[in-house]
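Chemist: Dropping a structure here in structure tokens format, bear with me for questions.
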Amino acid sequence: MSSKNVFIILLVGFIASAIAFNYGLYRPIEAEQEAIENQLRRTIKKFNTARHAKRDLEHIREMLLDEKEILADIQSKFIKKGDLSSITFQMRDKTREHKLLLIDFTPVFKYYLADTSNAPVKPLPFSITVSGKFLDIGKFIESWDNFDFYIIPDEIHLSKLSSKTNKLEATIVGRFYAWAKDRGKYEKT
């Protein structure tokens, strides 16, 4: 055998060994490594997605708590049956604050008790009669925004007490609002 033939046999053997190593050992290891890297990328992506979702969920929880606080504030401005005596005193104090004489204050209970609808908010009509100066009556009505309950004027009837005075008598018809609890039934206090 010549050295040329030995060289060719060794070269072919070496190439065959390299090909066998490449396909027999290296390729499966490389494929396994690639599969592990792909799995790692998917896991990292899931982790990042979960982390963002957790952050979003925390943000949503914070927003929900804020909205619950806002709702609680709104609900607190709706009256309950037991609040009516307190409202009467507040209306009396507000008329005195505006230098008015409180002649009559009448919440209409029959509407409050007779409403059987499932509406979450129920109107409670009322009538209040005061006497005093025109501007004081106007300031009295404007001050209603400062009450800790919802009160809306619907109608105002003014009449002069006498031709010798600038005082008026005002009858104001309006509504309070009650928050219904437990599927349309009013909270009992």
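Chemist: Helix 27-76 against the longest principal axis of the chain: what's the angle in degrees, Cα atoms only, rounded to the nearest 10?
Modeler: Tilt relative to the chain: about 0 degrees.
Chemist: Continuing with this model, one more query. Expressed in whole Å with the largest first, what are the equivalent ellipsoid semi-axes of the range 64-109 derived from the C-alpha gyration tensor as the square root of 5 times each eigenvalue?
Modeler: Calculated on Cα positions only, the semi-axes equal 30, 14, 7 Å.
Chemist: Antiparallel as a % of all DSSP beta bridges within the chain, to the nearest 5? Spell out each step's value before the answer.
Modeler: Working: 29 of 30 bridges.
That works out to approximately 95 percent antiparallel.
Chemist: Taking 0.36 nm per residue of separation and subtracting the Cα-Cα distance, what length does fully extending residue 49 through residue 159 add? Walk me through the numbers on the way to the answer.
Modeler: Working: separation 110, 0.36 × 110 = 39.60 nm, distance 7.01 nm.
Full extension from residue 49 to residue 159 adds 32.6 nm.
Chemist: OK, next. Rounding to the nearest 20 debye, state how big the charge dipole of the chain is about its Cα centre with +1 on each Lys and Arg Cβ and -1 on each Asp and Glu Cβ. Present the calculation step by step, with values, prior to reporting the outcome.
Modeler: Working: 30 positive and 25 negative charges, 45 e Å.
Dipole magnitude for the chain comes out near 220 debye.
Chemist: Based on DSSP H runs of at least 4 residues, each adding -39500 (n - 2.57), what is the mean residue ellipticity at 222 nm of the chain after dividing by all its residues, to the nearest 500 deg cm²/dmol?
Modeler: After summing the helix terms and dividing by the residues of the chain, the value is -18000 deg cm²/dmol.
Chemist: If you don't mind, another one. So, in Å, what gap is there between the alpha-carbon centers of the range 40-74 and the range 147-181?
Modeler: 48
Chemist: Further question on the same structure: For the chain, find the longest principal axis of its Cα atoms and tell me its angle to the long axis of helix 3-21, 0 to 90°, nearest 10.
Modeler: So the inclination is approximately 20 degrees.
Chemist: Any idea which of 152, 17, 103 is furthest toward the positive side of the dipole for the chain, if Lys and Arg beta-carbons carry +1 and Asp and Glu beta-carbons -1?
Modeler: Checking the options against the dipole of the chain, the answer is 103.
Chemist: A follow-up question, please. Take peptides 91-99, 3-11 and line them up by average Cβ neighbours within 10 Å, highest first, as a rough protection proxy.
Modeler: Output ranking for 91-99, 3-11: 91-99, 3-11.
Chemist: While we're on this one: Please compute the Kirkwood hydrodynamic radius over the chain, one decimal place, Å, based on all pairs of different Cα atoms.
Modeler: For the chain, the Kirkwood estimate is 23.8 Å.
Readers should treat all values here as calculations from the given coordinates under stated rules, not as data from a laboratory. Everything numeric here is computed off the predicted structure, so don't read it as measured data. No Cβ is skipped: glycine too gets one built from the backbone with ideal geometry, and neighbour counts run over all protein chains shown.
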